[in-house]
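Chemist: Structure in structure tokens, see below.
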Amino acid sequence: MATTIKSGFERIRNTEVWRTIFRSGSGSSNLHRSQAVQQNIFLHLFSVKVRSRALEFSPTWYLGALTLSTFFILIATGILLMFYYHPSVPQAYADMKDLQFVVASGVFLRNLHRWSAHAMVFLVFAHMFKVFYRGAYRPPRQFNWVIGVFLLLITLLLSYTGYLLPWDQLAFWAVTVGSNIAKAVPLMGKQIRFLMLGGNEVNANALLRFYVLHCVILPLVAILLVGVHFWRIRKDGGLYVPEKKNL
Amino acid sequence: MQAEVQSDVRKNPRRIAFILRRTSPYVKTQDDGRVMTYPTALSRFIIALEVAFVLLVWISLLANAPLEGMADPMHTPNPAKAPWYFLGLQELLHYFPPMVAGVLVPGLVVGALIVIPYFNINIEGESLWAKDRKRRLMIIGVALVLFCIFLLAFDVIVALVPTILIGGLMLWSARFSSESPRLFHRWLASKPLSFWIMSWFLIELTILTVVGTFFRGPGWSWVLPWQS
Ligand code: HEM
């Protein structure tokens with residue numbers, strides 16, 4: 001059975017169509033496997049070989065990989081949610097109710113997006129502390145750490161802008177509390193808050209701004225920075241694995 | 001074998017590497033065993049993705065995302081809470097003016113995080129007590145006491161407790177060295193200052209967030225989560 005599947009898969013990989021899509025074609029020699037990485041626009045960010053110790057559980061706890069996983073889930077569920085959502089008052093709230101009672105699996109979709117968002121915020125913090133305690137911020141990885149700090153901020157902003165979108169009491173007041181803090185910035189606090197909300201209070205303009213930030217600008221910035229983050233891992237010589245210490 | 005060294009560096013550039021103590025992990029580990037990214041590393045990532053997915057689907061089937069009544073600017077809920085990851089800050093807002101808790105503290109935290117890799121002291125990761133033990137003990141002891149008085153003056157008991165715990169552990173670790181018989185003592189003694197500061201930050205962050213999330217009720221008063 002397993003061999004049938006395997007040879008069937010090999011046959012597909014040998015078809016002309018497959019070879020036009022994946023330039024590396026079939027074969028499982030190390031050369032082919034290198035090409036599978038080098039000749040793929042997404043994978044070529046990574047090196048062809050990695051240190052086997054870097055794949056063990058203990059150095060990373062796979063926290064970066066898990067953060068990326070939640071980000072993927074968020075993009076997939078987020079796009080589906082966008083099909084059912086209008087960023088206007090009071091339609092936004094009505095859309096939440098529709099997701100709850102009308103859309104097939106709407107509740108599940110919303111749940112998955114919401115819980116994945118919480119998970120991502122948690123994981124990104126965990127990843128940061130893990131990188132710190134492993135000492136992986138040391139040269140030559142300094143700048144990748146800095147990119148990481150910006151990824152942390154972007155993640156928090158993504159979550160925070162998304163929080164307003166359901167337009168329920170929870171959303172409204174959480175964002176009111178947060179935007180009041182902006183007022184405390186010396187000299188231009190009021191202006192910053194106005195820029196953030198498109199007005200002096202959380203209203204329909206704020207909803208629209210948060211929507212554009214949440215669905216377009218911040219995801220684009222996040223994807224860009226994640227790309228740089230991974231490219232830097234390769235350029236900095238792969239993941240840092242501490243020497244086995246004898247205390 | 002004789003290597004000829006020419007004086008014209010432009011024609012014959014030479015590469016010189018200075019490998020300082022603990023500064024270049026890459027140089028030390030580059031000869032480890034290696035595996036192919038495709039398929040080994042990629043399949044590991046896909047497993048991580050699947051684990052995350054299965055867990056989150058399972059949670060999403062069990063628990064519903066909250067949805068309250070429609071936003072109403074006329075009715076302020078009490079307490080009005082920010083999302084959980086900002087509740088540590090909101091807890092601080094309870095003690096300090098917004099300028100301090102909302103602008104200064106987060107600004108300093110972000111700034112401190114960014115500069116971590118640019119300080120030699122963090123790179124070398126030398127034990128805090130390796131040099132100048134007496135003098136450092138003095139400075140850190142005094143700084144800790146002053147900081148605790150400051151927290152006490154503003155009644156920030158929730159931040160004071162972790163400070164005393166971590167600070168106490170840090171001062172206690174000065175008694176040990178790499179020759180101490182117990183492994184835990186040697187481990188404590190080997191820790192650099194950055195370790196202590198980051199651990200203090202981690203614990204403060206956790207405690208402030210937990211307090212803000214579960215232990216704060218109407219008017220930001222102290223409540224017990226199982227009583228409400
Ligand atoms: C959207 C957020 C982020 C994603 C998706 C992400 C992803 C990753 C992944 C997949 C790795 C590979 C190793 C691992 O799994 O731990 C990694 C490594 C790394 N990350 Fe992140 N990361 C994010 C945020 C951060 C943050 C907030 C920091 C620190 C402030 C950071 C600093 C680093 C550093 C320095 C490395 C290299 C570690 C090494 O060489 O061993 N990253 N990241």
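The values are calculated or read from the model by the stated rules, or taken from the named source; none is laboratory data. Only a predicted model underlies this, so the values are computations on that prediction, with no experimental measurement involved. No Cβ is skipped: glycine too gets one built from the backbone with ideal geometry, and neighbour counts run over all protein chains shown.
Chemist: Modelled with pLDDT under 95, within 22 Å of A:Tyr85 (Cβ to Cβ) and within 12 Å of chain B (Cβ to nearest Cβ): is that true of A:Gly178 in this structure?
Modeler: Against the criterion (modelled with pLDDT under 95, within 22 Å of A:Tyr85 (Cβ to Cβ) and within 12 Å of chain B (Cβ to nearest Cβ)), A:Gly178 qualifies.
Chemist: Is it the case that A:Thr161 is of a type in the set (Ser, Thr, Tyr), within 16 Å of the ligand (Cβ to nearest atom), crowded, with 16+ Cβ neighbours inside 10 Å and touching a residue at least 60 places away in the same chain (Cβ under 8 Å)?
Modeler: Taking the combined requirement at face value, the residue does not satisfy it.
Chemist: Scanning the stretch A:56-92 for residues that are crowded, with 18+ Cβ neighbours inside 10 Å and more than 10 Å from the ligand (Cβ to nearest atom), which turns out farthest from A:Pro242 (Cα to Cα)?
Modeler: Looking at the filtered set, the residue picked out is A:Ala92.
Chemist: Moving on. Output the residues belonging to the stretch A:28-37 that are without any contact (Cβ under 8 Å) to a residue 12 or more places away in the chain and either touching a Phe, Trp or Tyr at 6+ places or on another chain (Cβ under 7 Å) or of a type outside the set (A, V, I, L, M) (or both).
Modeler: Matches in the stretch A:28-37: A:Ser28, A:Ser29, A:Asn30, A:His32, A:Val37.
Chemist: Let me ask another. Do you know which residues across the stretch B:92-138 are farther than 21 Å from A:Gly189 by Cβ, more than 7 Å from chain A (Cβ to nearest Cβ) and assigned to a helix (DSSP H, G or I)?
Modeler: B:Ala112, B:Val115, B:Asn120, B:Ile121, B:Asn122, B:Glu124, B:Arg133, B:Lys134, B:Arg135, B:Arg136, B:Leu137, B:Met138, listed by residue number.
Chemist: Specify the residue that is farthest from the ligand (Cβ to nearest atom); the eligible residues are those in the stretch A:109-149 that are of a type in the set (Lys, Arg) and assigned to a loop (DSSP other than H, G, I, E, B).
Modeler: Out of the qualifying residues, it is A:Arg138.
Chemist: When the stretch A:1-22 is examined, which residues are found to be under 24 Å from A:Phe42 (Cβ atoms) and of a type in the set (D, E, K, R)?
Modeler: Passing the criteria: A:Glu10, A:Arg13, A:Glu16, A:Arg19.
Chemist: Among the residues of the stretch A:164-173 satisfying the criterion of being at the interface with chain B (Cβ under 7 Å from one of its Cβ atoms) and buried (at least 23 other Cβ atoms within 10 Å of the Cβ), which is farthest from A:Leu197 (Cα to Cα)?
Modeler: A:Pro166
Chemist: Select from the stretch A:77-90 the residues that are over 19 Å from A:Leu224 (Cβ atoms) and of a type outside the set (Ser, Thr, Tyr) and list them in ascending order.
Modeler: Answer for the stretch A:77-90, where residues must be over 19 Å from A:Leu224 (Cβ atoms) and of a type outside the set (Ser, Thr, Tyr): A:Leu80, A:Leu81, A:Met82, A:Phe83, A:His86, A:Pro87, A:Val89, A:Pro90.
Chemist: If you don't mind, there's one more thing I want to ask. Condition first: more than 14 Å from the ligand (Cβ to nearest atom), closer than 28 Å to A:Phe132 by Cα and either free of Cβ contacts under 8 Å to residues at least 60 places away in the same chain or surrounded by fewer than 19 Cβ atoms within 10 Å (Cβ to Cβ) (or both). Can you find one or more residues in the stretch A:38-47 that meet it?
Modeler: yes
Chemist: Further question: Would a scan of the stretch A:184-206 turn up a residue that is in a loop (DSSP other than H, G, I, E, B), surrounded by fewer than 15 Cβ atoms within 10 Å (Cβ to Cβ) and not assigned by TED's automatic domain parsing to the domain that holds A:Lys97?
Modeler: No: zero hits.
Chemist: With respect to A:Arg138, determine if the residue is buried (at least 17 other Cβ atoms within 10 Å of the Cβ), touching a residue at least 60 places away in the same chain (Cβ under 8 Å) and among the charged types (D, E, K, R).
Modeler: It is true that A:Arg138 is buried (at least 17 other Cβ atoms within 10 Å of the Cβ), touching a residue at least 60 places away in the same chain (Cβ under 8 Å) and among the charged types (D, E, K, R).
Chemist: Going by what's in this entry, would B:Leu151 be described as surrounded by 13 or more Cβ atoms within 10 Å (Cβ to Cβ) and within 19 Å of the chain's Cα centre (by Cα)?
Modeler: no
Chemist: What number of residues within the stretch A:196-238 satisfy the criterion of being facing chain B (nearest Cβ under 10 Å) and within 11 Å of the ligand (Cβ to nearest atom)?
Modeler: Residues meeting the conditions: 4.
Chemist: On to the next question. Looking at the stretch B:184-207, which of its residues are over 14 Å from the mean Cα position of the chain (by Cα), in a helix (DSSP H, G or I) and crowded, with 18+ Cβ neighbours inside 10 Å?
Modeler: B:Leu188, B:Ala189, listed by residue number.
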